[in-house]
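Engineer: I have a structure I would like to understand better, so I am pasting it below and will then ask my questions one at a time.
The values are calculated or read from the model by the stated rules, or taken from the named source; none is laboratory data. What you see is a predicted model; the values in this text were computed from it and never measured. Because the Cβ atoms are built from the backbone with ideal geometry, glycine has one as well, and the counts that use them run over all protein chains shown.
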Amino acid sequence: MTSISIFTSTLTSLPASVGSTVLVGIDGFSGAGKTALAEDLAAHDDITVFSIEEFYLGWAGLAEGPGRVVAGLVQPLRRGEQPRWRAWDWERGAEGPGRERPVSTRVVVLEGCGAGARVLRGHEALTVWVDADPQEREGRLRRREDWPLYAPHRDAWRHTEHALAEREGLPGAADLVVRRHADGSLESSPSPRR
């Protein structure tokens, strides 16, 4: 077991992987605890968190999300520019307005399904897979505030995220597998491939 502060220190000590930025990918299936872990990390002054959901083109856009991250987040960071992209408006079901977000931190965490895709791993200083038992994941999903919006898409999304993980070699291709416990502590181990 480790604490979030020790995990954060590990991330902030990593070498830069995109320009002067340390890019960390946090992937895992829906309900695994990726967002909770990212929220814990965002409390640190030297970490900025982006959700890959900002880059999906709706419920059918999971597979294209990682490529859109390269264009909207990775390439601008490499050039020392602000990330720019068009986010999906999940309530309207259409592409929303363009966004840009300045990054003044050394570490950028990209969290969400697809954050460990091959096209992104080559730019990441560390790729983390967040794991949880299937029943725990489903329970968390059903307790989420956005469950009513998510519920009609759950079965299709589950199929899509599992297919993406298999195609991308995840979780085996991740550097680290993490389980986040209710008390905020982390249990981590090297990926099975390591």
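Engineer: Please find, among SER20, SER9, the residue that is out of contact with any Asp or Glu (no Cβ under 6 Å at 6 or more places or on another chain) and farther than 19 Å from VAL74 by Cβ.
Structural biologist: On inspection, the qualifying residue turns out to be SER9.
Engineer: Within the stretch 111-194, considering only strands (runs of 3 or more DSSP E) that don't extend past its boundaries, which have at least 3 residues that are surrounded by fewer than 19 Cβ atoms within 10 Å (Cβ to Cβ)?
Structural biologist: 186-190
Engineer: Right, here's the next one. Hey, VAL49 hits all of (1) modelled with pLDDT under 95; (2) surrounded by 13 or more Cβ atoms within 10 Å (Cβ to Cβ) but one; which does it fall short on?
Structural biologist: Unmet for VAL49, out of (1) modelled with pLDDT under 95; (2) surrounded by 13 or more Cβ atoms within 10 Å (Cβ to Cβ): (1).
Engineer: In addition: Of a type in the set (Lys, Arg) and buried (at least 16 other Cβ atoms within 10 Å of the Cβ): which single residue out of ARG99, ARG92, ARG78 fits that description?
Structural biologist: ARG78
Engineer: Applying the selection to the stretch 15-31, what residues are at pLDDT 95 or above and not hydroxyl-bearing (Ser, Thr, Tyr)?
Structural biologist: Correct list: PRO15, ALA16, VAL18, GLY19, VAL22, LEU23, VAL24, GLY25, ILE26, ASP27, GLY28, PHE29.
Engineer: Next up: Kindly provide the set of residues from the stretch 64-75 that are surrounded by fewer than 16 Cβ atoms within 10 Å (Cβ to Cβ) and in contact (Cβ under 8 Å) with a residue 24 or more places away in the chain, ordered by number.
Structural biologist: Matches in the stretch 64-75: GLY67 only.
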